[in-house]
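The values are calculated or read from the model by the stated rules, or taken from the named source; none is laboratory data. None of the values given here were measured: they were computed from a predicted structure. Glycine gets a Cβ as well: all are built from the backbone with ideal geometry, and neighbour counts include every protein chain shown.
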Amino acid sequence: MPVGRRSRRGTGELRVLTDSRPVETAPTAPAMPDTDLAAYLVWLEGRGCSPATLRAYRSDLRQYAGWLSRGGLTARTADAAAVRRFAAFLGASRYAPASAARKLSAVRAAHAWMAERGLAEGDPALHVPGPRRPRLLPATVTAGEFDRTASVVRGAQPLELRDRALLELLYGCGLRAAEACSLRLADVDLAQDHLRVTGKGDRQRQVPIGGHAHAALERYLRAGRPQLARNDSPPLLLLSVRGRGLSPSDVRRTLASALRRAGLAERSPHTLRHSFATHLLEGGADLRSIQHLLGHASVGTTQIYTHVSIRHLTDAHRRAHPRA
């Protein structure tokens, strides 16, 4: 029984019981066993890497360091054969191709960083191939499905105004969940109809605000956020019921609730971002413009949406052409 817990005994007598057992504390994460890999993670954090990416890389590199140490190696002494054996180990462990590819990506990035700084002779991971992954087209919603989803969030309460503004930002501006959560009041310019968005790697971009998003933001800023804000609230755009900032998990729950009420299958917030890009391309926007709006560092990342557009054209051809 925990220390200080009260036990009721007899006719209402209260007796405080004591417990001599030590109080358990939350376990701390083990330190990275390889100093070079630990230094790489510190460097990543200093570069403004997202918390989610840092968690994934820390986990992947800790696994890699542990695997190396069992063979008497470190990241500094590993050669190409060792990296290939680690890739084979991931395959034999039946990781999903995407998970194995992510782990190898972390290993490659760490070895490239070490080689650039002369911490190792060459880059042993440079020519080690990753697992082949099926190229999946991103899931999307139709414009009608989004309208149906947004229409269920139409109340005038502060949280309803916030949630409608959030949905319009995800679909109408193509924001990542984390980008929407990090928007500050100063990033919103309704007079000029644009947002200043800080994306991955702290890269900033300007994104235009469409008519629906403008209207939703205006209502929220006028009658929603002032009711949610507290004296100690951060200068963020989207606030919780307690006046704090939202997290990506809050965004997922908000979207899941709206989809459920609209009678649609659950989708991730990233689905709305994919839909934003797909509908732009189908409407005639060029890839370079879409690249900028999404905040992709390389147009190669944006090119996946050309496959979506080809599918759209194929469907249109099959529906409309007599020889299809």
Tell me which residues, restricted to the stretch 158-183, are of a type in the set (A, V, I, L, M, F, W, C) and either in contact with a Gly (Cβ under 8 Å, 6 or more places away or on another chain) or more than 21 Å from G199 (Cα to Cα) (or both). L159, L161, A165, C173, C181
Given the options A262, A316, name the one that is more than 22 Å from the chain's Cα centre (by Cα), under 28 Å from V153 (Cα atoms) and of a type in the set (A, V, I, L, M). A262
Quick one: would you say L293 is more than 22 Å from the chain's Cα centre (by Cα) and surrounded by 13 or more Cβ atoms within 10 Å (Cβ to Cβ)? no
Against the condition at positive phi, surrounded by fewer than 16 Cβ atoms within 10 Å (Cβ to Cβ) and within 23 Å of the chain's Cα centre (by Cα), how does G201 come out, does it pass? yes
Name the one entry in L293, L281 that is touching a Leu at 6+ places or on another chain (Cβ under 9 Å) and within 16 Å of K200 (Cβ to Cβ). L293
Testing L287 on (1) surrounded by fewer than 19 Cβ atoms within 10 Å (Cβ to Cβ); (2) modelled with pLDDT of 95 or more; (3) hydrophobic (A, V, I, L, M, F, W, C), one condition comes back false. Which one is that? (2)
How do the helices (runs of 4 or more DSSP H) wholly within the stretch 209-301 filter down when requiring 2 or more residues that are out of contact with any Phe, Trp or Tyr (no Cβ under 6 Å at 6 or more places or on another chain) and farther than 19 Å from G199 by Cβ: which remain? 211-219, 225-228, 248-261, 269-282
Residue check: is L161 modelled with pLDDT of 95 or more, in contact with a helix residue (DSSP H, G or I) (Cβ under 6 Å, 6 or more places away or on another chain) and either assigned to a helix (DSSP H, G or I) or of a type in the set (S, T, N, Q) (or both)? yes
For the list (1) part of a helix (DSSP H, G or I); (2) touching an Asp or Glu at 6+ places or on another chain (Cβ under 7 Å), I need the number of the one condition that V197 fails. (1)
Every residue from the stretch 295-324 that is touching a residue at least 24 places away in the same chain (Cβ under 8 Å) and either under 14 Å from P138 (Cα atoms) or not assigned by TED's automatic domain parsing to the domain that holds E179 (or both): T302, I304, Y305, T306, H307, V308, S309, R311, H312
Among the residues that make up the stretch 244-263, is at least one of them assigned by TED's automatic domain parsing to the domain that holds R225 and more than 24 Å from A150 (Cβ to Cβ)? yes
Filter pass, R154 being over 22 Å from I290 (Cβ atoms), touching a helix residue (DSSP H, G or I) at 6+ places or on another chain (Cβ under 8 Å) and in contact (Cβ under 8 Å) with a residue 24 or more places away in the chain: no
